[in-house]
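The values are calculated or read from the model by the stated rules, or taken from the named source; none is laboratory data. Only a predicted model underlies this, so the values are computations on that prediction, with no experimental measurement involved. Here the Cβ positions follow ideal geometry from the backbone for every residue, glycine too, while neighbour counts run over all protein chains shown.
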Amino acid sequence: MPSSPIKITVLGSGTSMGVPTLSCHCRVCSSKDPRDNRLRPSILLSRHGQNVVIDTTPDFRQQALRAGIDRLDAILLTHGHADHILGFDDIRPYNIRQKAALPVYSSEETFHVLRRAFSYVFDNKPTLSTVPSVRLHVIDGAFEAAGMPFLPVPLVHGNMEVLGFRFGNAAYLTDFSSISPSSMALLENLDELIIDALRDMPHPMHQTVEQALSLIQQLKPKRAWFTHIAHDLSHAETNERLRKLGFLNVHLAYDGLELEVAPERSEAGFTAHRDARATQPPPPVGLENTELNKVKVFYSAREWHECYGASGRGSVLAIGNYDGIHLGHQAILRADVERAHESGAVATALTFDPAPLKLLRPEAAPLRLSTNEQRMEWFGAVGLESAVVLPFTHELSQLSPEDFVEKILVEQLCLKTVLVGENFRFGHAQAGNVKLLRELGQRNGFEVAIIPPVMYRGEIVSSTMIRRAIAAGDVATAGRLLGRPFVLSGEVVKGTGTGSKFTFPTLNLKADQELLPGRGVYITRTYFPGLLRSVRSVTNVGLRPTFNGTHLTVETHLLDVAPEGSPQRIEVRFWKRLREEKKFSSADELRGQIAKDIARAARFFSLLRRTRSQQGLFSAAVPLMPQP
């Protein structure tokens, strides 16, 4: 009996809105594969006839019926978001049948949310109906529930602290964006790891596939399973991608998955690993710091051919400038990846540097939203295998549409399928259009796929639309169109010292990007190399008119404690504009206004955190409303 295993049943493996998502008809939401149907995230642990549930989701009743849970002995809650607690009232039948209150284990912060959301349970007022009967236990270390040993694993979920749990040789880590070295040390020698891996595109509150794989490589469990999966990831296709990447021990979890693990945690080397990790810097988590899913970049079509030509795989090709990689771009690139997976071809993007207008009509060329390095990172994030960055030269601009297709796309890039938008133009003087491309496809044996545009409030999402919003200071709208916050990255440079002397200390950013937001004060988050968590900040973009400034600067004041040392580079993500820049009559007046700006930003972050804690108002779907 003491060595009886713990049985794990995955009750739900989906996001806060589940999959299929209401009103969505994407390929995963419409999939016939039952493993693509995902209820909200929860697991059941069973041993010696006793059952423990981690999180009571809004789907809890359905999950309990489906899993045949006839008794319930304890509940563990990871945090207080709606998709993890709103099924709490459905525990009442177990109270009635078992004639006992159920023990619930979590943090004091989660219990604060639970008491507010289910006040009728805790207000001790008379009631004519039944209410859940529970005993709340605040977790302050290792504990036992229903005869099973649990070790809490602190995690960070955007702004908030949440809990994962280790039980024997398994761990369950749902809903988190970063993890500390001390928590990593609690996860040595795992047989089974169930881990948050929302999608490929970054999210401020969740792990991407790439980030999850990075952690798996560090922790080295025998097997790992992704959970909290968005409708971006097809079960079968993603498992196949993981296999091709060499992650044979990593799979997507699915509702109904059953595993068994030993209840006794393996201690071999645990203390030594923990002590060693305590002295190491935090592991890199961001896209810019990992080699996983990094796209192979070629700077000529011939280089691509030398690498892939002999394989016979051919290419599925998406052609464009891809400045910013906005929601419209993402739709084309995802379609590229999907078709490449189906055919075994190389998912490839073809782009140009510099952008054609920079060479042909520099006076009309728009300011760039992103750097070439950022474009390559995002190509990798959506799952592309390769990218060809053609140097745009006068010689290239003179190629006729026919020569561009036949000499570059067909001969060098072994084209099987090309994906373009409805208004795609190509070749000298942009003489080629979609009609001609289809004719050339019939002649040369490749398919042409037209991807419809993504619309936002009746307008086609475009880089031009995003530039307009950013230039006007409307970074919130820009973020919606990009599917993530607008970012400025670059070196930290020495300023004039005015801020430290007269107002508030700032970090002065020399941005890599060409386009800056309109002059004003913004709520931002600042990221530092090697730091797992972002820092709340307020950023001014402007001329510093109070001090008669003459050139545009980007100055960021940190609301939280800055990392030790002097950072050489930072990344600033823009969430909301607070006000326009203006000239004040004195440094004292400016100082007072900045204090008000900081207070407004702090309230913004605080309100957002409270709202999410109480109502779970965040979405794991794409397109995504940016969230700090």
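A469 - would you say it is touching a residue at least 60 places away in the same chain (Cβ under 8 Å), outside the structural domain of R525 (by TED's automatic domain parsing) and closer than 30 Å to C26 by Cβ?
Criteria not met by A469.
Of all strands (runs of 3 or more DSSP E) completely enclosed by the range 223-274, which ones contain at least 3 residues that are at pLDDT 95 or above?
223-227, 250-252
Residues of the range 105-125 being more than 24 Å from N159 (Cα to Cα) and surrounded by 16 or more Cβ atoms within 10 Å (Cβ to Cβ), which ones?
Passing the criteria: only V121.
Just wondering, is there one or more residues in the range 126-146 that are buried (at least 16 other Cβ atoms within 10 Å of the Cβ), part of a helix (DSSP H, G or I) and assigned by TED's automatic domain parsing to the domain that holds G14?
Checking the range 126-146: not a single residue is buried (at least 16 other Cβ atoms within 10 Å of the Cβ), part of a helix (DSSP H, G or I) and assigned by TED's automatic domain parsing to the domain that holds G14.
Considering only residues that are surrounded by fewer than 22 Cβ atoms within 10 Å (Cβ to Cβ), in contact with a Pro (Cβ under 9 Å, 6 or more places away or on another chain) and among the charged types (D, E, K, R), which ones fall in the range 147-191?
E161, D191
Of the residues P34, P5, P58, P41, which single one is under 22 Å from the mean Cα position of the chain (by Cα) and at negative phi?
Step by step, each of P34, P5, P58, P41 is checked, and only P41 is under 22 Å from the mean Cα position of the chain (by Cα) and at negative phi.
Which is in contact (Cβ under 8 Å) with a residue 12 or more places away in the chain and in a loop (DSSP other than H, G, I, E, B), of I43, I69?
Of I43, I69, the one residue that is in contact (Cβ under 8 Å) with a residue 12 or more places away in the chain and in a loop (DSSP other than H, G, I, E, B) is I69.
Looking at this structure, is S619 closer than 30 Å to P41 by Cβ, part of a loop (DSSP other than H, G, I, E, B), modelled with pLDDT under 70 and polar (S, T, N, Q)?
Here the answer is yes, as S619 does meet what is asked.
Within the range 398-410, track down each residue that is surrounded by fewer than 16 Cβ atoms within 10 Å (Cβ to Cβ) and touching a residue at least 24 places away in the same chain (Cβ under 8 Å).
Residues satisfying the conditions are Q398, S400, D403.
Looking only at helices (runs of 4 or more DSSP H) that fall completely inside the range 463-515, which ones have 1 or more residues that are at pLDDT 90 or above and β-branched (V, I, T)?
In the range 463-515, the matching helices (runs of 4 or more DSSP H) lie at 463-471, 475-482.
Give me the pairs, please: first residue somewhere in the range 175-194 and over 15 Å from F226 (Cα atoms), second residue anywhere and aromatic (F, W, Y), beta-carbon distance under 6 Å, and either six or more positions apart or on two chains.
Pairs that qualify, where the first residue is over 15 Å from F226 (Cα atoms) and the partner is aromatic (F, W, Y), are E188/F270.
Identify, by number, the condition in (1) assigned to a helix (DSSP H, G or I); (2) buried (at least 24 other Cβ atoms within 10 Å of the Cβ) that G80 doesn't meet.
(1)
Between A340, A301, which is over 17 Å from V405 (Cβ atoms) and in contact (Cβ under 8 Å) with a residue 40 or more places away in the chain?
A340 is the lone residue from the list that is over 17 Å from V405 (Cβ atoms) and in contact (Cβ under 8 Å) with a residue 40 or more places away in the chain.
Looking only at residues in the range 531-551 that are among the β-branched types (V, I, T) and either crowded, with 16+ Cβ neighbours inside 10 Å or modelled with pLDDT of 60 or more (or both), which one is farthest from the chain's Cα centre (by Cα)?
Going through the qualifying residues, I end up with T546.
Residues checked against (1) farther than 17 Å from A301 by Cα; (2) among the polar types (S, T, N, Q):
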residue	(1), (2)
S343	yes, yes
M376	no, no
N423	yes, yes
G432	yes, no
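What do you reckon, is I325 of a type in the set (V, I, T) and assigned to a helix (DSSP H, G or I)?
no
Looking only at residues in the range 88-114 that are within 30 Å of the chain's Cα centre (by Cα) and charged (D, E, K, R), which one is farthest from D73 (Cα to Cα)?
If we take residues in the range 88-114 being within 30 Å of the chain's Cα centre (by Cα) and charged (D, E, K, R), then E109 is farthest from D73 (Cα to Cα).
A quick yes/no check of all residues on (1) free of Cβ contacts under 8 Å to residues at least 60 places away in the same chain; (2) exposed (fewer than 14 other Cβ atoms within 10 Å of the Cβ); (3) of a type in the set (S, T, Y):
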position	(1), (2), (3)
V554	no, no, no
L559	yes, no, no
P563	yes, no, no
S566	no, yes, yes
I570	no, no, no
R573	no, no, no
L578	yes, no, no
K582	yes, yes, no
A587	no, no, no
